[in-house]
1. Restricting attention to segment 70-91, report how many residues are among the hydrophobic types (A, V, I, L, M, F, W, C), closer than 20 Å to MET116 by Cα and either out of contact with any helix residue (DSSP H, G or I) (no Cβ under 8 Å at 6 or more places or on another chain) or at pLDDT 85 or above (or both).
2. Looking only at residues in segment 191-242 that are part of a helix (DSSP H, G or I) and of a type in the set (S, T, N, Q), which one is farthest from ILE4 (Cα to Cα)?
3. Just give me the residues in segment 384-412 being without any contact (Cβ under 8 Å) to a residue 60 or more places away in the chain, among the hydroxyl-bearing types (Ser, Thr, Tyr) and surrounded by 18 or more Cβ atoms within 10 Å (Cβ to Cβ), in sequence order.
4. Could we say that TYR111 is in the same structural domain as LYS135 (by TED's automatic domain parsing) and without any contact (Cβ under 8 Å) to a residue 40 or more places away in the chain here?
5. Which of the residues belonging to segment 383-417 are closer than 20 Å to PHE301 by Cα and not in a helix (DSSP H, G or I)?
6. Could you list, in sequence order, all residues of segment 72-108 that are assigned to a strand (DSSP E or B), in contact with a strand residue (DSSP E or B) (Cβ under 7 Å, 6 or more places away or on another chain) and over 17 Å from LYS126 (Cβ atoms)?
7. In segment 311-365, which residues are in a loop (DSSP other than H, G, I, E, B) and touching an Asp or Glu at 6+ places or on another chain (Cβ under 9 Å)?
8. Only one of these is at pLDDT below 90, under 30 Å from SER319 (Cβ atoms) and among the charged types (D, E, K, R): LYS409, LYS352. Name it.
Amino acid sequence: MSKIWIIIKREYLTRVKKKSFILTTLLLPLFFVAMMVVPALVMSSGDSGKVAVVDESGLFEGKLSDEGDVHYKFVQADIDTFKNSYLSQGYTGLLHIPKMDVTRPPSIIYYSRGQMGISLKSSMEKKVENIIEDKRMELAGIDKSKLEDIRVDIDIVNLAGKEGRKGSALQAYAIGWGSGFLIYIILLVFGMMVMRGVMEEKMNRIAEVVISSVKPFQLMMGKIIGIACVGLTQFLIWIVLIVGLYWITVLMIGPEMLSNNAMANSPSMAANSDATKQAVAEMVRSVGSVNWPFIIFCFVFYFLGGYLFYAALFAAVGSLVNEDPNDAQSLTFPITLPVIISIIIMMSAVAKPNSAVAVWGSIIPFSSPIVMMARIPYGVPGTVPYWQLGLSMVLLIAGFIGTTWVAAKIYRTGILLYGKKVTLKEVGKWLVRKS
């Protein structure tokens with residue numbers, strides 16, 4: 001055991017002292033934030049331009065509202081003449097609305113140089129459809145303002161446990177998606193790290209020297225556990241950063257803003273408080289209502305279980321690679337394929353946590369670390385019964401014990417095998433051969 005500890009210490013300190021560890025630890029959270037913010041910014045940035053509108057129907061004057069950087073300008077002109085001169089007058093496009101019967105609207109034509117953007121087309125069609133719909137309702141004697149007042153919000157109350165607790169489907173979706181995707185990244189990044197470490201030691205002949213002092217199994221387990229400790233260290237740093245950011249936010253907006261009854265009991269506060277500050281307070285209250293200790297416990301368990309399950313197999317693959325590192329690509333495919341399938345199942349599980357695919361995906365060890373973490377935020381018990389969570393954990397433990405046994409059988413032979421390309425048939429013989 002002391003020899004394994006020495007290897008763990010070496011693997012851990014070697015990686016933690018690198019500048020790349022510090023940069024990765026600090027930049028990865030920023031990467032996840034960017035993944036959420038950048039698509040939102042891209043989606044919010046639309047087309048721009050000045051669109052001339054020739055409305056021969058007389059129904060749309062003053063009703064086509066500007067949107068973002070797209071501005072509509074109604075003009076009185078002959079369409080046949082104006083479509084040849086609108087560009088010289090500073091317009092980027094020309095929308096022609098002919099005379100129409102709103103019960104059977106004709107085709108509306110947009111003239112431009114070049115292809116129309118799909119977002120602008122969709123926005124323009126929606127605006128025209130709404131105006132025609134309003135006119136039809138007016139002709140039918142229906143007051144649209146009464147329909148617009150109808151708004152139904154469905155509050156979610158989780159009855160699992162002793163007390164009913166309000167929940168949020170969007171919050172559960174976000175936490176489940178983030179947790180599952182983070183474990184997916186961890187399995188691939190740290191699994192590949194184990195494989196590359198084994199490959200380097202083998203090709204540099206370092207493994208030959210080390211094996212003279214320790215058993216192959218001790219070397220493999222020391223390397224796997226040492227790199228796992230690196231991942232846990234990063235995770236703990238992220239927890240500290242997140243908690244620190246949470247409390248800084250609480251202090252900045254004021255504890256009184258976090259009270260659920262603050263706005264109701266103080267109309268002046270609701271009237272005078274900045275809208276952005278109120279939105280942040282609502283977000284902080286929502287985050288604070290999550291059962292974080294339980295989610296963090298499950299995350300650490302499935303991180304360790306999933307990592308141990310796959311890292312042993314990555315170590316075995318690393319021991320099979322000889323002079324040509326490209327061999328690793330074909331050998332890692334059977335290992336990375338279940339991980340890729342798991343992330344596909346997870347994308348469905350966060351939207352449909354009770355589907356059969358999500359349930360079985362969260363129980364089978366090959367996919368449970370990713371898929372189960374996508375379901376847990378929806379409620380335990382409730383969406384995830386205790387028996388499913390327990391069975392998933394037991395099977396994952398049995399799974400990484402099994403993969404460690406298989407990897408050890410391969411590793412002890414492959415780590416000292418040089419100058420020969422190993423076939424899967426030969427690996428199968430190593431597994432059935434007595435030690």
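1. Adding up the residues that qualify gives 4.
2. Restricting attention to segment 191-242, the residues satisfying the condition of being part of a helix (DSSP H, G or I) are 191-203, 206-211, 216-242.
Applying the additional criterion that residues be of a type in the set (S, T, N, Q) yields 218, 233-234.
On the way: GLN218: 5, THR233: 19, GLN234: 22 Å.
Result: GLN234.
3. Answer for segment 384-412, where residues must be without any contact (Cβ under 8 Å) to a residue 60 or more places away in the chain, among the hydroxyl-bearing types (Ser, Thr, Tyr) and surrounded by 18 or more Cβ atoms within 10 Å (Cβ to Cβ): just SER392.
4. Details: in the same structural domain as LYS135 (by TED's automatic domain parsing): yes; without any contact (Cβ under 8 Å) to a residue 40 or more places away in the chain: yes.
Considered against the rule, which asks whether it is in the same structural domain as LYS135 (by TED's automatic domain parsing) and without any contact (Cβ under 8 Å) to a residue 40 or more places away in the chain, TYR111 comes out as yes.
5. THR383, VAL384, PRO385
6. Selection gives LYS73, PHE74, LEU94, HIS96.
7. VAL321
8. Numbers: LYS352 fails: under 30 Å from SER319 (Cβ atoms).
Checking each option against the conditions leaves just LYS409.
The values are calculated or read from the model by the stated rules, or taken from the named source; none is laboratory data. Only a predicted model underlies this, so the values are computations on that prediction, with no experimental measurement involved. Methodologically, a virtual Cβ is constructed for each residue, glycine included, from the backbone with ideal geometry; neighbour enumeration extends over all protein chains shown.
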